[in-house]
Every structure is written in structure tokens, then in C-alpha cells.
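Scroll down for the structure; my scribbles are underneath it.
The values are calculated or read from the model by the stated rules, or taken from the named source; none is laboratory data. Note that the structure is a prediction, hence the values are computed from the model and not measured. Reconstructed Cβ throughout: ideal geometry from the backbone, glycine too, with neighbour counts over all protein chains shown. Note: accessible area is taken over every heavy atom of the protein model, side chains too, but ligands, DNA and RNA are not part of it. Shrake-Rupley method; radii C 1.70, N 1.55, O 1.52, S 1.80 Å.
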Amino acid sequence: MAVEWKTEANNLMVMTVSGQLGIGEMAQVEQEAAPVLGRGEGWRILVVLQDFAGWSKEKGWESTTMADATDEHVSRMALVGPLEWRDQVEMFTLKGMRPLEIEYFTDESLARDWLRA
């Protein structure tokens, strides 16, 4: 499993998730990316699922806190992946329960257009 992230122009953070996401990888992303998001306002996040295989079945998922630390700095999050993952990924990101807009797309260019709007 790999999570790679980078920042692009205009406060866009792009995360690519491949394989099975483990709690260790999620903790690493929280440790590295949350401070970057905390440095400014109006961030937008693009999460791209590539060959995504779901989440590990290990303890610790209840203690992930990135949303608590970053939501006030993020205005939108676009999720891109196969339609088969939409419901589970939206549940994982707590779509509808956070103060930012979250949408799922199967096409990255449409997701980027939505993030810019």
C-alpha cells in the first residue's frame, strides 16, 4: 500500500492511494500532511484511488484525527476512483457530516474542474 501526496498551485493537495490502506500509512499521512494544511485557508484536496483494495482490518482506525485538525482549512475534497468504491469511500470520509464539500468522481479531470469551481 502506498499513499503519496503533493501540493500543487492554488492550495491544492493531491493524494494518491493505491493498494490496501493500513493504519500506519494513514498515521504517516496525518503526521506529514496535516501541518501543511494547517498553514493556510481555502485548501482543496484531490484523492485519487489507483488499484485501491480497501482498508486493513486492524485496530486504530477510531483514533485517526486528520479531519479534526484540518477541516477548518479545507473547503472541498474530490475523491476519484471506480464507482464500486464510492459508497465506502464516502462513508470513510464522513461525507455530509463535515463542514466541507465532498464529492466522488470516476474521472479526474471532472474532479479537478469541480475543485476549481
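A few points about this structure:
- For region 1-33, the candidate set comprises residues that are without any contact (Cβ under 8 Å) to a residue 24 or more places away in the chain and under 13 Å from the mean Cα position of the chain (by Cα); within that set, the residue that is surrounded by the most Cβ atoms within 10 Å (Cβ to Cβ) is E4.
- In the set (1) buried (at least 18 other Cβ atoms within 10 Å of the Cβ); (2) without any contact (Cβ under 8 Å) to a residue 60 or more places away in the chain, R44 fails one condition alone, (2).
- Residue match in region 37-58 (condition: closer than 16 Å to V14 by Cα, of a type in the set (V, I, T) and at pLDDT below 95): no
- Taking the criterion of being closer than 18 Å to Q20 by Cβ and modelled with pLDDT under 90, the only residue of region 63-91 that qualifies is T64.
- Screening V36 against (1) within 17 Å of F105 (Cβ to Cβ); (2) among the β-branched types (V, I, T); (3) part of a helix (DSSP H, G or I) leaves a single unmet condition, (1).
- Qualifying positions in region 58-90 - in a helix (DSSP H, G or I), within 24 Å of P35 (Cα to Cα) and either touching a residue at least 24 places away in the same chain (Cβ under 8 Å) or open to solvent by 80 Å² or more (accessible area, probe 1.4 Å) (or both): W61, E62, M66, A67, D68, A69, T70, D71, E72, H73, V89
Yes or no, residue by residue, for (1) of a type in the set (S, T, Y); (2) in a strand (DSSP E or B); (3) touching a strand residue (DSSP E or B) at 6+ places or on another chain (Cβ under 6 Å); (4) under 16 Å from W85 (Cα atoms):
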residue: M13; (1), (2), (3), (4): no, yes, yes, no
residue: S18; (1), (2), (3), (4): yes, yes, yes, yes
residue: E30; (1), (2), (3), (4): no, no, no, no
residue: Q50; (1), (2), (3), (4): no, yes, yes, yes
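- Identity of the residue in region 91-116, touching a residue at least 60 places away in the same chain (Cβ under 8 Å) and crowded, with 16+ Cβ neighbours inside 10 Å, that ends up farthest from N11 (Cα to Cα): A111
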